[in-house]
Structure formats: structure tokens, C-alpha cells
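Here's the structure we're looking at; comments come further down.
The values are calculated or read from the model by the stated rules, or taken from the named source; none is laboratory data. These numbers were taken from a predicted model, which means no experiment stands behind them. Here the Cβ is made from the backbone with ideal geometry for all residues, glycine too, and neighbour counts use every protein chain on show. The area values use the complete protein model at the heavy-atom level, side chains included, leaving out ligands, DNA and RNA. Shrake-Rupley method; radii C 1.70, N 1.55, O 1.52, S 1.80 Å.
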Amino acid sequence: TVNPQMKKLLGYAEEVAKSDLNVLLTGETGTGKDLLAHYIHCMSGLEGGYVAINVAAIPNEMIEAELFGYKKGAFTDASKDKPGRFALADGGTLFLDEIGDISTALQVKLLRVLQEKEYEPLGGTTTVKTNVRVITATNKPLSDLVARGTFREDLYYRLNVLKITLPPLAHRREDVPLLVDH
């Protein structure tokens with residue numbers, strides 16, 4: 001980056017990476033929230049992988065299975081066990097993009113994972129422990145969704161431990177050629 005505001009933001013992201021706290025990335029669509037999440041993971045020294053999922057791109061009926069996995073027989077097409085994204089990211093970072101779009105039912109389950117560090121795969125009978133750093137991103141003001149009652153306040157505070165707001169590309173035009181080259 002060439003933009004001084006982004007250089008400062010990346011320095012802060014490096015400091016954030018040293019902690020294991022949840023991070024909420026905000027900013028307009030296309031500002032690079034996914035790239036920043038990956039950067040934070042790379043700077044963190046976590047030994048586990050980096051797993052990203054855009055929760056808005058997956059139908060609500062499937063997102064729970066994608067996040068928590070499932071056991072054979074949990075539903076009609078479940079012919080074998082499948083690990084979820086939390087299992088795949090164990091010891092590393094799980095990036096949940098467009099977090100403002102998840103259903104209220106899933107918000108409850110996500111809150112439990114953040115509070116208790118455990119979950120149950122669909123069709124499972126045993127609790128699975130998880131050690132995952134969660135980074136979320138949204139282009140929607142979550143505080144407005146909380147005020148409207150469409151986003152849980154307790155989940156909002158669990159996700160918004162460390163917040164980084166990315167400036168719009170219009171405010172950092174000097175970085176556009178670098179992004180194009182990348």
C-alpha cells in the first residue's frame with residue numbers, strides 16, 4: 001500500500017494479530033476486508049489454517065452444516081461424516097464474511113461457539129471443542145441491525161472486540177494500481 005491511512009491501519013492489524021481476540025472488519029464492498037483478514041492470520045503466527053466463508057453466499061439451510069459439519073445420516077444425503085469450517089480452521093483463523101446476513105437461529109449457535117468454544121455437528125451427540133480465532137466482516141452497520149432487532153446484541157459485542165474499518169477505495173486511489181497488479 002502507498003496510502004498513509006492504510007499503512008497505519010496495517011500497522012494496527014499487525015498488533016491485533018498478536019492477540020487471539022475476535023476481530024470485526026467493516027467497510028464498503030470491495031475495500032479488501034477479506035485480504036485484511038488473511039493478512040491478520042498470516043501475521044498471527046497461528047499454526048492452524050486460514051478458512052474463509054462468505055455466509056451470504058450459502059443458503060440458510062446449508063450454512064449450519066458448512067460451519068459445524070455433520071455426521072453420517074444427519075439428513076438424506078449425508079452418506080459420510082463431513083467436518084465443518086470450525087473443524088478445518090482449528091488452531092487457526094475462521095473468516096466469516098458478510099456476517100450481517102446470517103439468520104437469527106444461526107446467530108444463537110455462533111454465539112455459543114464464541115462463548116463456550118464448543119459446538120455439535122449436525123446429527124452429532126457429542127460436543128466438539130474448538131480453538132479458532134474468528135474474524136468477521138460486514139459492509140452493513142451491525143449496530144443498526146441490533147437496533148432493528150435483526151442482529152443479536154450479545155453476538156455483536158462478542159464479534160466487535162477489536163474493530164477495524166477500512167477506508168473506501170475512493171479515499172485511497174493511489175493503491176488502486178497496486179490492487180490491479182495484484
Scan of segment 1-33 for residues that are hydroxyl-bearing (Ser, Thr, Tyr) and in a helix (DSSP H, G or I), ordered by number: TYR12
Filter result for TYR50 (modelled with pLDDT of 95 or more and open to solvent by 20 Å² or more (accessible area, probe 1.4 Å)): yes
Members of segment 92-131 found to be touching a strand residue (DSSP E or B) at 6+ places or on another chain (Cβ under 7 Å) and open to solvent by less than 10 Å² (accessible area, probe 1.4 Å), listed by number: GLY92, THR93, LEU94, PHE95, LEU96, ILE99, VAL113
Out of ALA89, ALA137, ALA56, sole residue that is surrounded by 13 or more Cβ atoms within 10 Å (Cβ to Cβ) and farther than 19 Å from ARG158 by Cβ: ALA56
Cβ pairs under 7 Å, 6+ apart, first in segment 31-44 and closer than 10 Å to ALA17 by Cα, second open to solvent by 30 Å² or more (accessible area, probe 1.4 Å) and among the basic types (Lys, Arg): none
